[in-house]
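Here is the structure we will look at.
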Amino acid sequence: MYTNRVKRVAAVHDLSGMGRVSLTVVIPILSSMGFQVCPLPTAVLSSHTQYPEFSFLDLTDEMPRIIAEWKKLDVKFDSIYTGYLGSPRQVQIVSDFIDNFSPADSLVVADPVLGDNGQLYTNFNEEMVREMRQLIKKADVVTPNLTEFFYLLDMPYKAENTDEELKEYLRILSDKGPQIVIITSVPVCGDPHKTSVYAYNRQGDRYWKITCPYLPAHYPGTGDTFTSVITGALLQGDSLPIALDRATQFILQGIRATFGYEYDNREGILLEKVLHNLDMPIQSSSYELI
């Protein structure tokens, strides 16, 4: 009897018509890595929110209807991957979705989008932070940036941190639920031309770090790109440090492929020029055990 062995990922993100963010990044990356992506859209936008004007269709009320139909189909997911959620109500819907559709051997990945540069995004408040703290307890992997990391810990934001401090903070957040905690966009003390990614895996009690060049350009959607590659890499059996390498190298390749063009950065990295690189083995490893 034929068995469909393609792993299935439920992707809970918004859909923007313009700009390579959210589902327009998640679907091509995970599909090219060999997984079926089943979108659970949270909103439909004409363009992402860093454009000055955009249309916005809130799908909060539609999400439970989609989930109910999937329930009738007895759909099973190998992974549930959540990104930008627009309200505490959406966080609650996703929390229930994880409870009902996440078997014991599935991979739950949460990118807890809350803020950046030490501040919450303008449409978020403390209620949203409290709900997100509850959601990450159900995740196996979380990928906050440094700002979101401190909000999840309920600690004051601190841009400069030693390795030993970050190791302690990583363990504290992991103890709240997620087995793997990955922090992105960590400044390197004394070197503005570099940035780091830190990670902790409670299974094995090991800490990892990757430091890479910081290019002075902002492209929306790089966080979605990073977590999508991490999700795909872990699903295909990569170790955590190799997944980190794969994701950081892919981001660097995308930025470098885009950086030289006269180009509206709001459209995000030129994903189409580097997508095929996901099929290639890691050429060199830059991770270190700390």
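A few notes on this one:
- 5 angstrom amide H check on Gly268, placed H, neighbours 5+ away: Arg20
- Karplus-derived HN-Hα couplings along segment 169-183 (A = 6.51, B = -1.76, C = 1.60, θ = phi - 60°), whole Hz, x at Gly and Pro: 5, 4, 5, 4, 5, 4, 4, 7, x, x, 5, 10, 10, 10, 9
- Around the Cα centre of segment 155-269, unit charges on the Cβ atoms of Lys, Arg, Asp and Glu (plus for the first two, minus for the last two) sum to a dipole of about 200 debye.
- Extended-chain gain in nm, criterion 0.36 nm per residue less alpha-carbon gap, Leu57 and Tyr214: 53.0 nm
- Cα gyration tensor category, rounded, prolate or oblate, for segment 98-182 with a/c compared to 1.5: oblate
- Gyration tensor verdict on segment 105-245 (Cα atoms; rounded if a/c is under 1.5, prolate if a/b is larger than b/c, oblate otherwise): rounded
- Cβ-based exposure ranking for Leu278, Leu85, in which fewest neighbours within 10 Å come first: Leu278, Leu85
- Counting neighbouring Cβ atoms within 10 Å and putting the fewest first, the residues Ser87, Ser16, Ser285 line up as Ser285, Ser87, Ser16.
- Only Cα pairs under 8 Å and 6+ residues apart enter the sum, and on that basis the relative contact order of segment 162-290 stands at 23 percent.
- The chain: calculated mean residue ellipticity at 222 nm from DSSP helix runs of at least 4, using -39500 (n - 2.57): -10500 deg cm²/dmol
- Ranking of Arg8, Arg20 by neighbouring Cβ atoms within 10 Å, starting from the fewest: Arg8, Arg20.
- Given 13 as the ceiling on other Cβ atoms within 10 Å, longest exposed-site-free region of the chain for GluC sites (Glu not before Pro) in DSSP loops: 54-159
- Leading residue at positive end of dipole, segment 8-289 (Cβ point charges), from Gln249, Gln236, Ser32: Gln236
- The charge dipole of the chain, taken about its Cα centre with unit charges on the Cβ of Lys, Arg, Asp and Glu (plus for the first two, minus for the last two), comes to roughly 620 debye.
- Among Leu45, Leu107, Leu173, the residue with the largest mean-square fluctuation in a Gaussian network model of the chain, with springs joining Cα atoms closer than 10 Å, is Leu45.
- FRET efficiency for Ala68 and Tyr121, using Cβ-Cβ distance with R0 set to 25 Å, rounded to 0.05: 0.25
- A cut-off of 5 Å between modelled amide H atoms, ignoring neighbours fewer than 5 places along the same chain, links Val186 with Ser196.
- For the chain, built as a Gaussian network whose Cα springs stay under 10 Å, the top-fluctuating residue of Gln253, Gln50, Gln36: Gln50
- Whole-number percent relative contact order across the chain, with pairs defined as alpha carbons under 8 Å at least 6 apart: 17 percent
- Shown in residue order for segment 82-95 are the 3J(HN,Hα) couplings computed by the Karplus curve 6.51 cos²θ - 1.76 cosθ + 1.60 at θ = phi - 60°: 10, x, 4, 10, x, 7, x, 4, 5, 4, 5, 4, 5, 4 Hz (x for Gly and Pro).
- Compactness of the chain, expressed as Rg and Dmax over alpha-carbon positions, Å: 18.0, 60
- Percentage relative contact order, segment 41-139, counting C-alpha pairs under 8 Å, at least six apart: 25 percent
- Lys176 long-range amide H proximity, modeled H, under 5 Å: none
Read-outs throughout are calculated quantities, based only on the coordinates presented, and are distinct from any laboratory measurement. Fair warning: this is a prediction, and the values are worked out from it, not measured in the lab. We place every Cβ from the backbone using ideal geometry, glycine too, and count neighbours over all the protein chains shown.
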